[in-house]
Amino acid sequence: MKRIAALLLLASTNLSLQAQELPAESVKVIEAVVSTDAGSLGGGLLTPRDLIARALTNNLGLEVSRLGAGIREDSIDGELGKFSPTFGFEVGIDRLYRQQNAADILSSQLSGEYDEDVRYARSSLSGRLPFGSTYELSTSTRRNSSTYTDRPTSFYDPEYGSSVKLTVTQPLLRNFGLDVNLAPLNIAKSELEQARWETRSAIETVIARVLLASYETYFATENVLVKQESIVLAQALLNENKRRVELGRMSAINVTQAQARVAEARAELIEAQSFYQRRQNQLRELTEASYDLVAADYELTAVSESLPPVPAQVQADALVLEMLAKNPDYKAAMQAVESEGIRVLFSKNQVYPEINLKMSMGTSGLENDFGGSYSDFDNRNDMDWGVGLIFKMPLDNRTAKSRYRASVKRERQILLEAKQTEVQLLGALDNAVYQLVAGLERRRLIKDSVRLASEALVAEQRRLDKGMTTNYEVLNQQRELSFSQTEGLAAEVEVQKAWIQLLLLQGKLSEEMGFQLSFLDGTSL
């Protein structure tokens, strides 16, 4: 009994997950589109492909992973928005009443209180360019009515003044260049690519788990039949022993032994049914958005034909390059290295002092009406302009230097994690190949074991009929046959588990299953 339970537990071991559980997804971009001819999933017989299609739609873990990629997509939009122009508009009124001092009276030849009414409007278009330049194009107009303009000698009453000005500031050291100014955008793009690989990894893992659970459920069903047949054999022997006891050809102890074997076979059936139910529950957990305690069991079909045939020979060294080129966990790790490299470049630039070239040019006009103040631009002999350098630098520059040192250490950390991922994947690949080869040999041997156990039981039964052996030996042969049949089913599951793991490591499980995965923007997963 313990040996059977151990085999069932071995067969139920979950596929080791190669993927990280990642943040969540955006409804707008990252729904994985699954091309499949799975048909209706509403009921009846279901193939593993049907269950996988349902899992890709309903699995909550995948929903979380897809949201993570969507968040990264929104981050790209946010970084692009930093280069969008900003329009500004300002309008207002300023009123001023104050007593003139001696200097005011001397210059204006007016005494008493100074009164000024200024009404103004200003609009601007400003923004930032990928080279680091900032710009502002502005125009303003103002109407000025005051004690001074009220004098008979004033040229304009009220005065209308207008101006147009373009100001450009170009960093020459810190924040200069495309690489630095596009760093946040490039990081967001790299993190999106990383999130997409992680989403691919999550999808491949769910496919693997559903596929393995399907195999386990199918073979659990077969194991229940084996245990039911074992009960039939034990009960038949019990009935025969009772008949022989009644005829005086056998002692009563043989009936007791046969009854014990019937009880043992029934206990094995209960364990097999429990294992079957756990596999059904796992399938429901993987494929349904909500858990229904009274849902009918899945009825599976075409399980053995779900995957391509297991190759007769597999060499680990021949699969390494393919795995490193396609495995989504490795690709995500390398994408993280790229992101950290961009951060190092940016933080290194921030250590430099800030030296900016500032340039401006514009013109202005003055008249006694709004339109005239703009027409007066033509009366200027030249444009207003200015140019200058601005220098800024913290005296110890501690913040920028510490951030640069931290970014270098983080890059080193991510590189080591990527190398660790590579080592783990190579070890997992080697193990999967070994387990597949060993599983194939074990399956072959156990098939022979089942055949021999069946033949031995028939032979032992004939010997019992002739009185050449004991009831105990027949019971042992029944037990051995039941155990061998369960071992055979477990061996088949182990072969398929190793084959699934191998395809998962190579990053082509979904491809082998016939699924085409892509995002809504057409990007392949």
- Sparsely packed chymotrypsin sites (Phe, Trp or Tyr not before Pro) within the range 420-525, loop by DSSP, other Cβ within 10 Å at most 13: none
- Message: Just want the ordering: Val164, Val210, from fewest to most Cβ atoms lying within 10 Å of their own Cβ.
- Response: Val164, Val210
- Task: Take the alpha-carbon centre of the range 449-525, take the same for the range 284-325, and report the distance between them in whole Å.
- Result: 16 Å
- Hey, got the Cα dimensions of the range 330-425 along the principal axes, in Å, largest first? 80, 35, 19
- Residues Ser484, Ser290, sorted so that the one with the fewest Cβ neighbours within 10 Å comes first: Ser290, Ser484
- For helix 183-246, what angle does its Cα long axis make with the longest principal axis of the chain, in degrees from 0 to 90 and rounded to 10? 20 degrees
- What is the magnitude of the charge dipole of the range 220-306 about its Cα centre, with +1 placed on the Cβ of each Lys and Arg, -1 on the Cβ of each Asp and Glu, and no other charges, expressed in debye to the nearest 20? 680 debye
- Item | Among Gln282, Ala318, Pro308 - extreme Cα towards positive end, dipole of the range 261-335, charges at beta-carbon | Ala318
- By average C-beta atoms within 10 angstrom, highest first, the peptides 385-391, 345-351: 345-351, 385-391
- Item | Of every Cα-Cα pair in the chain, the percent that sits beyond 30 Å | 68 percent
- Cα extents of the range 151-205 per principal axis, largest first, Å, are 88, 29, 11
- Task: For the range 189-247 and the range 135-179, compute the distance between their C-alpha centroids and round to whole Å.
- Result: 81 Å
- Message: Using a 7 Å offset from the Cα along the Cα-to-Cβ direction at both Leu293 and Asp150, what is the distance between the two label points in nm, to one decimal?
- Response: 8.8 nm
- Please give the helix 60-81 orientation as an angle from the longest Cα principal axis of the chain, in degrees from 0 to 90, rounded to the nearest 10. 20 degrees
- Query: Under the definition of Cα pairs under 8 Å and six or more residues apart, what whole-number percent is the relative contact order of the chain?
  - Reply: 22 percent
- Query: Hey, how much of the P(r) for the range 269-414 falls beyond 24 Å, as a percent of Cα pairs?
  - Reply: 74 percent
- Grab the DSSP H runs of the chain that are 4 residues or longer, score each as -39,500 (n - 2.57), total them, divide by all residues and round the 222 nm result to the nearest 500 deg cm²/dmol. -20000 deg cm²/dmol
- Query: Roughly speaking, what is the stretch gain from Leu166 to Arg243, that is 0.36 nm per residue apart minus the C-alpha to C-alpha distance, in nm to one decimal?
  - Reply: 16.5 nm
- For the range 92-226, averaging the sequence separation of alpha carbon pairs under 8 Å that lie six or more residues apart and dividing by its residue count, the contact order in percent is 17 percent
- Between Leu137 and Asp430, what is the spin-label point distance in nm, taking each point 7 Å from the Cα along the Cα→C-beta axis? 6.5 nm
- Query: Taking R0 as 45 Å, what's the FRET efficiency between Val224 and Gln315 from their Cβ-Cβ distance, rounded to 0.05?
  - Reply: 0.75
- For the range 391-525, what is the relative contact order in percent, using Cα pairs closer than 8 Å and at least 6 residues apart in sequence? 28 percent
- Note on the structure: Computed about the Cα centre, the charge dipole of the chain from +1 Lys/Arg and -1 Asp/Glu charges at the Cβ has a magnitude in debye, to the nearest 20, of 2140 debye
- Could you pull out the pairs from Lys348/Lys392; Lys419/Lys497; Lys82/Lys401; Lys326/Lys409; Lys227/Lys466 whose alpha carbons sit more than 23 Å apart here? Lys419/Lys497; Lys82/Lys401; Lys326/Lys409; Lys227/Lys466
- Message: Please report the equivalent ellipsoid semi-axes of the range 139-298, computed as sqrt(5 x eigenvalue) of the Cα gyration tensor, largest first, in whole Å.
- Response: 95, 20, 10
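Bear in mind that the values in this text are calculations on the coordinates, not laboratory data. Nothing here was measured: the structure is a model prediction, and the numbers come from that model. All Cβ positions, even for glycine, are placed from backbone atoms using ideal geometry, and neighbour counts span all protein chains on display.
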